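Step one of this worksheet: look at the structure below.
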Ligand code: SF4
């Protein structure tokens with residue numbers, strides 16, 4: 001049986017991720033279901049809160065960073081991935097999850113997404129894609145559909161949107177999945193698969209934002225999604241098939257694990273100088289006295 005190194009817990013329960021802080025999201029926001037799914041997935045995978053790091057970007061989802069138990073970090077807008085990838089490198093025993101919105105991830109921080117995928121860092125990343133900047137009251141993001149009237153865009157959006165899955169699959173990721181915030185069970189199973197994956201797991205969650213995006217509520221997604229695991233012959237190791245099936249995001253929207261490289265090796269496994277090393281970088285920093293080095297640059 002698994003025993004937590006930090007607190008000697010043998011099993012993880014839903015209560016380990018409980019927080020007394022009250023949620024501040026709007027009624028029926030998709031973030032409620034996503035939070036529940038994250039907690040369920042980590043519990044089901046027996047990833048105790050003492051061995052898990054949850055990293056939140058700025059955005060409505062990030063306002064949930066103090067409404068969940070365990071170790072958490074709330075970073076700068078669009079910059080959560082460098083922090084999360086660094087944490088996964090520093091301590092391979094940690095389960096690292098990161099969360100970002102479509103605004104921060106595909107706007108300010110899009111470069112970080114590219115390099116997190118290239119490096120194949122051992123991080124499960126959740127993209128909260130609600131098609132707008134909700135926290136700042138409904139401005140257009142990189143995924144807002146053309147023609148939509150948004151705050152500060154009364155005549156409608158004219159720029160073409162980024163298609164997140166098309167973009168990510170063009171970067172040859174090791175894991176790419178999609179789910180939607182109206183189905184906690186499906187989100188839970190998708191996140192579990194991402195957490196188990198060795199390498200960078202990209203999970204797009206199509207999220208409802210009933211306050212600023214009334215065009216795509218849960219019912220809209222519910223009537224359009226189809227789970228690829230129910231399709232005869234669908235093979236998630238075939239990236240060409242994933243590219244083809246993930247294109248449609250208007251009528252028949254493919255969800256589930258769209259692509260997974262079965263031979264994925266995370267960043268640290270590719271480092272020749274770490275192969276025989278049994279310590280983690282965080283242990284090695286503690287072994288050396290770096291105070292003199294810092295003193296030299298005061
Ligand atoms: Fe949720 Fe949208 Fe409200 Fe933000 S603005 S809390 S995403 S419903």
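The values are calculated or read from the model by the stated rules, or taken from the named source; none is laboratory data. These numbers come from a predicted model, not from an experiment. Note: ideal-geometry Cβ built from the backbone for every residue, glycine included; neighbour counts use all protein chains shown.
Do we find that residue 254 is in a helix (DSSP H, G or I) and at pLDDT 95 or above in this structure? For residue 254, the condition - in a helix (DSSP H, G or I) and at pLDDT 95 or above - is not met.
Residues that are assigned to a helix (DSSP H, G or I) and within 10 Å of the ligand (Cβ to nearest atom) were ranked within segment 18-33; the one that is surrounded by the most Cβ atoms within 10 Å (Cβ to Cβ) is 31. In segment 80-92, the condition of being within 16 Å of the ligand (Cβ to nearest atom), assigned to a helix (DSSP H, G or I), modelled with pLDDT of 95 or more and surrounded by fewer than 21 Cβ atoms within 10 Å (Cβ to Cβ) is met by no residue.
Consider segment 35-66. How many of its residues are under 17 Å from residue 184 (Cβ atoms) and near the ligand (Cβ under 10 Å from one of its atoms)? Looking only at that region, the number is 2. Within segment 188-203, the presence of a residue that is within 15 Å of the ligand (Cβ to nearest atom) and touching a residue at least 24 places away in the same chain (Cβ under 8 Å) is excluded.
Table: residues versus (1) surrounded by 17 or more Cβ atoms within 10 Å (Cβ to Cβ); (2) without any contact (Cβ under 8 Å) to a residue 60 or more places away in the chain.
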position: 221; (1), (2): yes, yes
position: 233; (1), (2): no, yes
position: 237; (1), (2): no, yes
position: 245; (1), (2): yes, yes
position: 250; (1), (2): no, yes
position: 259; (1), (2): yes, no
position: 263; (1), (2): no, yes
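Close Cβ contacts (under 6 Å, 6 or more residues apart or on different chains) running from residues in segment 10-25 that are under 25 Å from residue 211 (Cβ atoms) to residues that are in a loop (DSSP other than H, G, I, E, B) comprise 19/67; 19/68; 19/69; 21/66; 21/67; 23/67.
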